[in-house]
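Asker: There's a structure below that I have some questions on.
All of the numbers you see were taken from the coordinates with simple rules; none came from a lab. Computed from a predicted model, the values in this text were never measured in an experiment. As a convention, Cβ positions derive from the backbone with ideal geometry for all residues, glycine included, and neighbour counts pool all protein chains shown.
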């Protein structure tokens with residue numbers, strides 16, 4: 001439904017003036033290069049991490065759609081710190097500068113009160129990539145007033161990881177698996193592991209013999225974590241995790257003289273993953289579409305700011321071939337949307 005921007009009292013205006021410079025300082029760079037011309041609307045993009053290559057792909061589409069609609073985007077980098085992201089939302093509200101907000105949340109349920117405050121203040125809110133709420137199996141918004149929620153439900157993504165792992169472990173008994181978290185303890189990774197466990201528990205031959213953590217920040221952390229695991233146990237059949245982690249795992253295995261001996265299952269649909277499945281160095285991957293997520297989120301936000309249209313929940317994986325399970329048999333049907 002349409003929402004008119006709330007009138008602010010004199011004290012709120014004073015607070016906005018005081019925080020005008022502070023917001024830019026805590027938020028990172030103004031990716032559009034300024035406040036924009038007459039009639040331009042301003043969007044706050046609250047990213048979990050500017051260094052995350054997945055979210056960089058989303059950002060490029062957000063900026064493209066914004067530019068086409070006479071809007072400017074300012075990025076706020078939380079650096080995977082939940083408390084920093086909470087502060088950034090509060091600063092965006094207090095500044096009085098922004099008409100719309102797109103968030104890739106770190107602590108989903110924890111930001112709901114602040115996002116509700118943004119909505120009450122007349123800011124249109126789009127959720128992207130991460131669940132904001134307690135339900136982990138749906139893309140639908142989980143509180144009132146959200147313009148759109150665009151994401152692949154993480155519980156389903158975890159189930160898909162489990163399905164590929166079960167396929168990789170076929171005819172291997174026991175099948176020793178190493179599971180890589182992105183950031184252990186976050187709502188996303190908790191949901192992924194729950195889905196993975198629910199699916200693989202039906203296969204009596206699968207045993208998770210070690211766990212790692214990749215941090216979603218490129219291959220370096222995956223290399224180190226896998227090297228530590230190999231020092232304790234080299235009897236490994238499958239390694240599963242986010243694409244950034246698996247890239248590091250592949251390098252660590254090669255350094256250990258185990259290149260080609262372990263099946264690799266990724267999550268993300270990156271160029272590295274698609275190329276790996278094509279050349280046989282990766283067993284499979286759960287496809288992801290970060291550019292599509294960014295485009296859909298920004299298009300829906302434009303609609304909301306234009307005529308008050310709320311677009312509900314959108315799962316970008318819902319129309320993918322084979323539910324996004326990339327294998328050697330169908331890899332040619334997928335085109336990566338980010339490098340990895």
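Asker: Who wins for biggest fluctuation among 265, 177, 131 in a Gaussian network model of the chain, springs between alpha carbons below 10 Å?
Answerer: 177
Asker: Using Cα-only point scatterers and the Debye equation, what is log10 of I(q)/I(0) for the chain at each q in 0.07, 0.12 Å⁻¹, rounded to two decimals?
Answerer: Calculated log10 I(q)/I(0) at the listed q: -0.30, -0.81.
Asker: Let me know the shape class of segment 53-137, please: from the alpha-carbon gyration tensor, a ≥ b ≥ c as square roots of the eigenvalues, rounded when a/c is under 1.5, otherwise prolate if a/b is greater than b/c, or oblate.
Answerer: Oblate, because a/c is 1.5 or more while a/b does not exceed b/c.
Asker: Pairing the Cα long axis of helix 82-95 with the longest principal axis of the chain, what angle in degrees results, from 0 to 90 and rounded to the nearest 10?
Answerer: 20 degrees
Asker: Report relative contact order for segment 225-300 in percent, whole number only (criteria: Cα-Cα under 8 Å, sequence separation at least 6).
Answerer: 26 percent
Asker: How would you rank 109-122, 151-164, highest first, on the average number of other Cβ atoms within 10 Å across their residues?
Answerer: Ranking the peptides 109-122, 151-164 by packing returns 151-164, 109-122.
Asker: For the Cα atoms of the chain, what angle does the longest principal axis make with the long axis of helix 243-255, in degrees from 0 to 90, nearest 10?
Answerer: Compared with the principal axis, the helix lies near 30 degrees.
Asker: With each run of n ≥ 4 DSSP H residues scored as -39500 (n - 2.57), what mean residue ellipticity at 222 nm is computed for the chain after dividing by its residue count and rounding to the nearest 500 deg cm²/dmol?
Answerer: -13500 deg cm²/dmol
Asker: On a 0 to 90° scale, report how tilted helix 53-68 is relative to the longest principal axis of the chain, with both axes built from alpha carbons and the result rounded to the nearest 10.
Answerer: That helix lies at roughly 30 degrees to the long axis.
Asker: Label segment 149-225 by shape, choosing from rounded, prolate and oblate, from the square roots a ≥ b ≥ c of the eigenvalues of the Cα gyration tensor; if a/c is under 1.5 it is rounded, and otherwise prolate applies when a/b is larger than b/c, oblate when it is not.
Answerer: It comes out oblate by the Cα gyration axes.
Asker: Give me the compactness ratio for segment 239-282, meaning the Cα radius of gyration over 2.2 N^0.38 Å.
Answerer: Segment 239-282 yields a ratio of 1.01.
Asker: Same structure again: Note down the relative contact order for segment 262-340 as a percent, whole number, built from C-alpha pairs under 8 angstrom at least six residues apart.
Answerer: This gives 43 percent for segment 262-340.
Asker: On to the next question. Give the relative contact order (percent, whole number) for segment 187-340; include only Cα pairs under 8 Å separated by 6+ residues.
Answerer: 20 percent
Asker: Sticking with this one: Rounded, prolate or oblate: which one fits segment 200-262, using the alpha carbon gyration tensor with axes a ≥ b ≥ c (rounded when a/c is under 1.5, else prolate when a/b beats b/c, else oblate)?
Answerer: The shape class here is oblate.
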